[in-house]
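No value in this document is a laboratory result; all are computed from the given coordinates. All values derive from a computational prediction rather than experimental measurement. Cβ placement follows ideal geometry from the backbone for every residue including glycine, while neighbour counts extend to all protein chains displayed.
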Amino acid sequence: MTDAPDVPAAGRYDVTPVEPFGVAILAPEPGARVADLDVTTLRALVRAHHILLLRGFAPFGGPEELSAYCELWGEPSVWPFGTVLELVEKERPEDHIFDHSHMPMHWDGMYRDHIPEFQIFQCVHAPGADDGGETTFSHTTAVLEHADPGTVARWSRMTGTYHRAMEYYDSVTVSPVVTAHPVHGAPVVRYNEPVAPGDGDFVNHPDLRFTGLPDDELAEAHRTLRAALHDPAHLYVHSWRTGDVVISDNYTLLHGRNAFTSGAPRHLRRVQVLGTPPLVNPGLVR
């Protein structure tokens, strides 16, 4: 693991590693504010370590304060609802994002005009310790570095065509499973993990199609890719505590969600921050 850069303010804030990747900064005293941390340094930490956990800091006063803070990171992605997505279970969800089911691995912005560089999550209320609902992040550069060349070659022949219709878009995107990081060019995985065909409880299945391999090889390619993405060496599973702020590198990671107990008080807020310049989605076809 690369040594974390020093954080300003005369060593007041200690950077500690998170396993298997990522770093954390814990509040030095009650009432410390996230906004007092130097954003330039935080941005460098996320780009180097891909996950940054800020824990124990005073909570944002509401979605407007969170959105204003995120503007320090760059240009927030604007949706029909604004910049802050309230991730909370709905009584009759029309999409799995608002259900209590698991969420397969994917990358944010795959169905929109621009792909955000950062995701900034705030935990307004954590579920109970035994309720599940962890957010999962897979380090796809590490996945490719650790796989044998033959396996990577097979994954590299795969192309995914993804169609998803929900309240905020009805879009198709096409992407190679193995592609290049848009800034430094290292190989990364862009993949929307298929849902088990028999999972009838999953709300609003996306339409996924994969090409580039013979049908009899596709199933094995999916199996090996899923195993690598979920290998504990590559998978950071974040158990939420109320007040946590997590910033993730959407250009490198895929993320998902573990199922949680229906009715558990899981409430996250999410803001997507675009890169500089904003990354035009190379795979969007409609």
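Some observations on this one:
- Modelled spin labels at ALA153 and ASP215, positioned 7 Å past Cα toward Cβ, are 2.6 nm from each other.
- Zone residues, region 146-167, relative to HIS181, backbone N less than 17 Å from point 7 Å out along Cα-to-Cβ: 146-147
- Rounded if a/c under 1.5, otherwise prolate or oblate - region 1-122, Cα gyration tensor axes: prolate
- For the chain, the fraction of C-alpha pairs farther apart than 25 angstrom is 46 percent.
- Inter-part distance where region 89-123 and region 232-272 are each reduced to a Cα centre, Å: 10
- Once the Cα atoms are used to define both axes, helix 215-229 deviates from the longest principal axis of the chain by about 20 degrees.
- For the chain, calculated [θ]222 nm from helices alone, where every DSSP H run of n ≥ 4 adds -39500 (n - 2.57): -5000 deg cm²/dmol
- Highest-first arrangement of 149-159, 115-125, where packing means the average Cβ count within 10 Å: 115-125, 149-159
- Stretch gain in nm, segment ASP201-ASP130, where the contour uses 0.36 nm per residue and the Cα spacing is subtracted: 23.5 nm
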